[in-house]
Amino acid sequence: MVDWRRALLEIATNVEDRFDELKFRLDRRLDSNPIIIMPYLGHGSHEAFHLVGRVLTDKDITSAKDNDTIWQNLVNMYRRLSSDEIPHARVRIRFGDQETEVTADEEGFFEVFLNPGPLYRADQITYDVQCELIDYPNRVGELPSVSATGQVIVPPPGSQFGIISDLDDTVIKTDVLNILKMARNTFLRNSRTRLPFEGVAAFYRALQTGINNTYNPIYYVSSSPWNLYDLLLDFFEVREIPIGPFFLQDLGLTRDHFLTGDHLHHKFAAIRSIMETHPNLPFILIGDSGQADADIYRYVVEQYPKRILAIYIRDVSEDEERERKILNTSDFLKPRGVDLLLVPDTVAAAEHAILKGFIPESSMLDIRIERTEDKKPPEPLETLLDPNATVEDLQPKEIPDPKGDPEEPPKSST
């Protein structure tokens, strides 16, 4: 029997491919927008560099400002999500004396692995990789000069551990459990008005330096689309959250999935890539209770025993059944030497990290102070999308005593 779902995907993909090809040819004839190469922040070790990028037309997305209107945010988000890729473009990749060519896929994505060889230095963390457009199919006119510099982050030998963190509702407030709030946070806010969870930046900075004041790499794994990459970079810079390689998803039809791929398979594949790139590095895993992070992290512990130091799951769900399952996972992992904590906030996770010697006790002051950041009041259209925003978002916060305030403890299964 024919698999109707796969057949439907095949038809839809062929239609999309044909439409993209026609649209691409028209845009190139009109020369509507210049071509750009967007290399995403890569990761690697002294044995291999891994860099992903995309060849696109420049949509002229403006930099975010504090006073941007809802309309400006909507326009920029539309431009991000309606990206015009350059399918099957050929790109030359250079690192030192090494040179290789890669061909982008139908969505403009390219991927390359490099051997750093003798150019690798133990005291260097970031390496530059040069990318240059060679050619692309159905080109009209002279080849434009297009180049970009990508970067690859390599943890130094003295790293204490690595951190693998989810993004949505772990670092950034997206409210994935509430479709109206998620729409408001995704489309109506920019990198300066979207809010991090209180204390996240200070906590992640403490984890990155650890107790040895070294460099512990942080990797961000999310099912969010690559189209939001520039927004994420701006957000991390504005909020002073430590930057690290992102592992996001393609937004579009393929012969294997509608719009985006399977959440669980994507996240585990990304985590597996990180773990196997750094086989001698232990990791701390951070996620939230809104999706399946606890289930994914349990599987990671089973596949990579003695590699996980701790798991922090931010409690963002009011689903008692979901909470019970997470606590059962905590019971399952405890005999395996892994603490899984369902925490109400960043402070609770930081307290455990101090006890375990992951971060210095002195870092708690900054985490508590940063935790007091106020929420931005909703604008009129936000209120229209989410009437409860007027109550929730305008709720004043008490500023706690930085020296110590009573915290809700992590939930325990006992």
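Ranked from highest to lowest mean number of other Cβ atoms within 10 Å per residue, what is the order of the peptides 202-211, 275-284? Mind showing how you got there, number by number?
Numbers: 202-211: 21.8, 275-284: 16.5.
So the peptides 202-211, 275-284, ranked by packing, come out 202-211, 275-284.
Over the range 313-376, what is the mean sequence separation of C-alpha contacts under 8 Å (at least six apart), divided by residue count, expressed as relative contact order in percent? Relative CO of the range 313-376 lands at 29 percent.
For SER317, nonlocal amide neighbours, meaning residues 5 or more places apart or on other chains whose placed amide H falls under 5 Å from its own, are SER289. Multiplying the residue separation of ASN280 and GLN303 by 0.36 nm and subtracting their alpha-carbon distance yields 6.8 nm.
Find how much the distance from LEU355 to ASP97 grows on full extension, using 0.36 nm per residue of separation minus their present alpha carbon separation; answer in nm with one decimal. Show your work: numbers first, answer last.
Values: separation 258, 0.36 × 258 = 92.88 nm, distance 4.69 nm.
Result for the pair: 88.2 nm of gain on full extension.
For ILE359, the residues whose amide H sits under 5 Å from its own are ILE354, ignoring neighbours fewer than 5 places away on the same chain, with H placed 1.01 Å from N.
Each reported figure results from applying straightforward, stated rules to the coordinates on display, with no laboratory input. Since this is a predicted model, take the numbers as computed values, not measurements. When we count neighbours, we look across all protein chains shown, and the Cβ atoms used for this are built from the backbone with ideal geometry, even at glycine.
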